[in-house]
Amino acid sequence: MSDLIVPVILAGGQGTRLWPMSRAARPKQFLSLVGDVSLFQQTLQRVNDQSVYAPPVVITNADYRFIVAEQAAELELALHATLLEPLARNTAVAIAAAAAFVSASFGPEAIMLVLPSDHDVSIDEGYRHAIQHAAHAARNGSLVTFGLVPTHAETGYGYIKANASPGDGAKPIDAFVEKPDLKRAQQMLAEGGYFWNSGMFMLGAGAFMRECASLAPETFSAAEASVTTAKSDLDFVRLDEASFSQAPNISVDYAIFEKTKLAMVTPVNFGWSDLGSWDAVWKASSKDANNNASQGNVTMNDVSNSLVVTDHAHVAVDGLDNVAVIASNDAIYVGKLSEAQKVGAMVKVLRADKKTSGLTEIHKTAYRPWGGYSSILAGDRFQVKRLFVKPGKKLSLQKHHHRAEHWIVVRGTADVTIDGVVTTLSENQSIYLPLGCTHRLANPGKIELELIEVQTGSYLGEDDIIRIEDEFGRA
């Protein structure tokens, strides 16, 4: 067995607390909230040390498989495997399935560093020493979690009580504490000996599976069977849905850590945030002289203690304090920055209304393994989209029963196949695709292909696609 630590990155969450940027179709782990790359990519970079880590194992929702592959490829980082969850079942079975896979791939003595993919973490000597201490304890049979020294009375995190300090190494856990109210959080901060539960773990694959079999047998059986009967799909491993669905919807804390006698905590004090709200993003961002943080095309005048983020329109804010203004290309959120936790309640209101429920699920820009598209305009029997195709990529060979399409090339070169005939188009050229024709779009060039698509017909839904041939394995 190698001494290398196997990173296991949990990338399947569908968080909406950072709405309208984060949505079910593209959640926060794949967004660039702090820094130039996404939180998932930052997580990959933290384990990009071949002297310490093996190539990572990523476990994610099947809908995110191409985003995972693309963002890893952007960094030119190899993944050992990407496990695809067929449905959401919380962290207990996700980690158990990863442990079963790692045990089969690397051996039961392999040590796993389990990391959420949506946290902002500062790497320093304290971080590196904590990893070493936790790995040592895990090799001796302990199941180790990381506890962050709290910097304020936080009500959004669970806590761990332990008689320990940063630098002590892994220590026994006295108690787990649920998310407290403000008064209790202030008491724990004053008492000391309490740490934020980070959701990061160092585990022996075999040791974890043995505890899982003993303490959470349904989770163990579901995870093991889903790996044993998994199917390869391109570069991915699809966990068996029938087996995986038998697992209880429960966190690893409830299922294992609050019951096991092997649990220990490594206290740490490096910079960390779960970026669970817009005020957390503000705290983690660089600020101007008036304590404002901004991203995108933003102008502020007489504004203080605020966060303004836009990925589309230019946003101008004047004469306000303590506000969060978040503008995507189809929705804008405005609220008090200090009450940003209420975004979750707003999302529930939007989701309950059929007219606005779609705003919580997808962006106007949808990403696909070949590139993506943005909705520009829609009306009765017509729709206009902007398509972008990466160099060397092609869409599926397909046809539609209810719509015809017009394609106009804005930038790059397009190879268009219609009923077996290939036509090459360059900028400012266009082509008509009649209803029912078999067609395909490809980018043979070295720059991104951009074109405008005008759809006309009686039904324009995305489910009116009959795929005849697809290199990405989609039906």
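Overview of values
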| quantity | calculated |
| --- | --- |
| Failed item in (1) farther than 18 Å from Val237 by Cβ; (2) open to solvent by less than 50 Å² (accessible area, probe 1.4 Å); (3) assigned to a helix (DSSP H, G or I), with Gln45 passing the rest | (2) |
| When residues of the stretch 150-174 are limited to those that are over 24 Å from His129 (Cα atoms) and small (Gly, Ala, Ser), the one modelled with the highest pLDDT | Ala153 |
| Residue satisfying all of: in the stretch 393-439; open to solvent by 40 Å² or more (accessible area, probe 1.4 Å) and basic (Lys, Arg); modelled with the highest pLDDT among these | Arg411 |
| Pairs with Cβ under 6 Å, 6+ apart, first in the stretch 251-262 and of a type in the set (Asp, Glu), second crowded, with 16+ Cβ neighbours inside 10 Å | Glu258/Phe176 |
| Yes/no for Ser286 being out of contact with any Gly (no Cβ under 6 Å at 6 or more places or on another chain), open to solvent by 10 Å² or more (accessible area, probe 1.4 Å), in a strand (DSSP E or B) and under 26 Å from Thr43 (Cβ atoms) | no |
| Given (1) closer than 20 Å to Val409 by Cα; (2) of a type in the set (A, V, I, L, M); (3) in a loop (DSSP other than H, G, I, E, B), number of the condition Leu460 does not satisfy | (1) |
| In the stretch 339-363, residue nearest to Ile326 (Cα to Cα) [restricted to those that are within 19 Å of the chain's Cα centre (by Cα) and among the aliphatic types (A, V, I, L, M)] | Val343 |
| Evaluation of Met188 against (1) under 25 Å from Leu115 (Cβ atoms); (2) hydrophobic (A, V, I, L, M, F, W, C); (3) open to solvent by less than 70 Å² (accessible area, probe 1.4 Å) (one fails), failing number | (1) |
| Number of positions in the stretch 220-238 that are open to solvent by less than 40 Å² (accessible area, probe 1.4 Å), in a helix (DSSP H, G or I) and not hydrophobic (A, V, I, L, M, F, W, C) | 1 |
| Residue that is nearest to the chain's Cα centre (by Cα), among those in the stretch 17-37 that are buried (at least 22 other Cβ atoms within 10 Å of the Cβ) and either polar (S, T, N, Q) or at positive phi (or both) | Gln29 |
| Qualifying residue in the stretch 306-322 (condition: part of a helix (DSSP H, G or I), open to solvent by less than 80 Å² (accessible area, probe 1.4 Å) and of a type outside the set (Phe, Trp, Tyr)) | no |
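The values are calculated or read from the model by the stated rules, or taken from the named source; none is laboratory data. Everything numeric in this text was worked out from a predicted model, so none of it was measured. In this analysis, Cβ positions are derived from the backbone assuming ideal geometry, glycine residues included, and neighbour counts consider all displayed protein chains. Please note that ligands, DNA and RNA were not included when accessible areas were found on the heavy atoms of the full protein model with its side chains. Shrake-Rupley method; radii C 1.70, N 1.55, O 1.52, S 1.80 Å.
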